[in-house]
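Following: one structure in structure tokens, then a few remarks.
The values are calculated or read from the model by the stated rules, or taken from the named source; none is laboratory data. These numbers come from a predicted model, not from an experiment. Cβ coordinates were reconstructed from backbone atoms using ideal geometry, including for glycine residues, and neighbour counts include every protein chain displayed.
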Amino acid sequence: MLDIEWPFPTHMDFRGQKMAERLFQVIIVFFGLIGFLAGYMMQQFSMTIYSVLFGVLVSAVLTIPPWPMYRNNPVEWQKPSNSTKETNKNNASSSSSSKSPNKDVRKPPKGKKDQ
Amino acid sequence: MHSFLSRLNTLFAFTISVLAVLTIGVFISTYFEKYHETVSIGVNKPIVKHMTDYSANRKKNDLGVLQLNLDMNLNQLFDWNVKVLFLYLIAEYVTPTNSLNQVVLWDKIIRRGENARIYLHDIATKYYFWDDGENLRSNNVTLSLAWNIIPNAGRLLHVPANGSTSFIFSDQYTTSRAASPKSSS
């Protein structure tokens, strides 16, 4: 994947990602159905294509930029614990969770939707 | 979905999927279409000449020369799954060696949006009517039209048109060069 340094934040939180994906699916399918009916009535398949592409444009404007509505549920990270070493800080979550399982606020509400 | 490019990628992939489903829908909606149409074919002044076929075996073969009258309205064939219509006119006849001889005398490509009302009067054939021998004299020839439907999605249909015409070539060779507007060179 390309790593482009955008001059502004492009991040969406997990709920925002789910909402954005559902939104563009609904919009594109809606315009696809409208276009199919219009193309059938006009007997012109290019109308269907144009309708779908218009829906893609609308949903691209709505979902590709990280609008603030997709950033309302930021991930609550754990406080950095100063007992672990700096080198294996990323790996420390499993060991630290075994030490203090009641402080793991990241896992329960988010589920398996990341990436 | 977390970054710009991954959202763009997901959107693009979903768009392609939707377009594929719609295209399959177009195919299904026209699957039972028959694309039949009636045409009228006429023949004018059929003559037979005996000439050297330089394009093939350089022997003296029979060459049929005739003029065509075509009248048809194929606008009804263009539904939303027809991209191109390819018309071709076949001459069929029987010789002692071959039970079926087919020669394409004329064809035409009609794209979507072009006028499919065809009225042609006394046109020369587009391709030479060469026999591969000397069997055209006093032979019965049937002219029929057929078309291929080139679809947006689906299969390439081959549809014979309703309506054909038959004629009999004369039993004499025509020799004058003045009577041959398309003498081979």
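Of everything in the range A:42-62, what is under 25 Å from the mean Cα position of the chain (by Cα) and either under 15 Å from B:ALA153 (Cβ atoms) or touching a residue at least 12 places away in the same chain (Cβ under 8 Å) (or both)? Give them in sequence order.
Passing the criteria: A:SER51, A:VAL52, A:PHE54, A:GLY55, A:VAL56, A:VAL58, A:SER59, A:ALA60, A:LEU62.
For the structure I just gave you, tell me whether B:ASN69 is more than 14 Å from chain A (Cβ to nearest Cβ), within 19 Å of B:ALA161 (Cβ to Cβ), polar (S, T, N, Q) and outside any loop (DSSP other than H, G, I, E, B).
yes
Would you tally the residues in the range B:1-31 being in a helix (DSSP H, G or I) and more than 14 Å from A:GLU21 (Cα to Cα)?
So the answer is 14.
Just wondering, is there one or more residues in the range A:63-84 that are of a type outside the set (Phe, Trp, Tyr), in contact with a Lys or Arg (Cβ under 9 Å, 6 or more places away or on another chain), closer than 30 Å to B:SER29 by Cβ and at pLDDT 90 or above?
For the range A:63-84, residues of a type outside the set (Phe, Trp, Tyr), in contact with a Lys or Arg (Cβ under 9 Å, 6 or more places away or on another chain), closer than 30 Å to B:SER29 by Cβ and at pLDDT 90 or above: absent.
What number of residues within the range A:1-43 satisfy the criterion of being in contact with an Asp or Glu (Cβ under 9 Å, 6 or more places away or on another chain) and more than 7 Å from every other protein chain (Cβ to nearest Cβ)?
So the answer is 1.
Starting from the range A:2-24, take each residue that is without any contact (Cβ under 8 Å) to a residue 40 or more places away in the chain and crowded, with 16+ Cβ neighbours inside 10 Å and list its partners that are among the aromatic types (Phe, Trp, Tyr) and not in a loop (DSSP other than H, G, I, E, B), counting only C-beta distances under 8 angstrom and pairs at least six apart or across chains.
A:PHE24/B:PHE14
Which numbered condition in (1) outside any loop (DSSP other than H, G, I, E, B); (2) in contact with a Pro (Cβ under 9 Å, 6 or more places away or on another chain) is the only one that B:ASN135 fails?
Only one criterion is unmet by B:ASN135, namely (1).
Name the residues in the range B:7-45 that are free of Cβ contacts under 8 Å to residues at least 24 places away in the same chain and more than 7 Å from chain A (Cβ to nearest Cβ), would you?
B:ASN9, B:PHE12, B:ALA13, B:ILE16, B:SER17, B:ALA20, B:VAL21, B:ILE28, B:PHE32, B:LYS45
Evaluate the range B:75-90: report whether one residue or more is in contact with a helix residue (DSSP H, G or I) (Cβ under 8 Å, 6 or more places away or on another chain), among the aromatic types (Phe, Trp, Tyr) and part of a loop (DSSP other than H, G, I, E, B).
Yes, that holds for at least one residue.
Among all residue pairs at least 6 apart or on different chains, which show Cβ distances below 7 Å where the first residue, located in the range B:112-131, is touching a residue at least 24 places away in the same chain (Cβ under 8 Å) and the second is in a loop (DSSP other than H, G, I, E, B) and among the acidic types (Asp, Glu)?
The qualifying pairs are B:TRP130/B:ASP53.
Return the residues of the range B:129-169 that are among the aromatic types (Phe, Trp, Tyr) and in contact with a Ser or Thr (Cβ under 7 Å, 6 or more places away or on another chain); say none if nothing qualifies.
Within the range B:129-169, B:PHE169 is the sole residue that qualifies.
Looking only at the range A:37-72, count how many residues are under 22 Å from B:VAL84 (Cβ atoms) and either crowded, with 17+ Cβ neighbours inside 10 Å or of a type in the set (Phe, Trp, Tyr) (or both).
Residues meeting the conditions: 8.
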